[in-house]
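Asker: Pasting a structure below so you can have a look.
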Amino acid sequence: MTTTLSHIDELREIAAEVLELEPEEIDDHADFVEEYEADSLRAIEILARIEKKYRVSIPQSELAEMRNLAAVHAVVARYAGWQD
């Protein structure tokens with residue numbers, strides 16, 4: 001039996017890797033900048049990894065909205081057509 005990660009868990013792992021944190025340290029609603037001291041370069045890196053992993057194109061103008069994991073999931077879901 002294999003367990004597949006949900007999209008939110010996959011996104012959490014991407015963000016954790018870029019922010020140099022453990023996935024369980026990232027709360028769905030914690031602000032990346034305020035809680036994890038993410039800068040714009042890290043935000044762009046997260047976006048680039050998401051685009052590559054899911055083969056989706058997300059305009060950088062969406063970065064301002066992508067301030068926490070829940071918001072990232074909402075934006076990616078909109079562009080990727082996820083229903084979860």
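No value in this document is a laboratory result; all are computed from the given coordinates. This structure is a prediction, so every number in the text was calculated from the model and none was measured. We place every Cβ from the backbone using ideal geometry, glycine too, and count neighbours over all the protein chains shown.
Asker: Out of all the residues in region 18-28, which are loosely packed, with under 15 Cβ neighbours inside 10 Å and within 16 Å of residue 76 (Cβ to Cβ)?
Answerer: 28
Asker: Name the residue, out of 60, 83, that is closer than 17 Å to residue 9 by Cβ and loosely packed, with under 15 Cβ neighbours inside 10 Å. If you could, list the steps in order and put the result at the bottom.
Answerer: Working: 60 fails: closer than 17 Å to residue 9 by Cβ.
Only one candidate passes the filter, namely 83.
Asker: Condition first: farther than 15 Å from residue 16 by Cβ and of a type in the set (D, E, K, R). Now tell me which residues in region 44-62 satisfy that.
Answerer: Within region 44-62, 51, 52, 55, 62 qualify.
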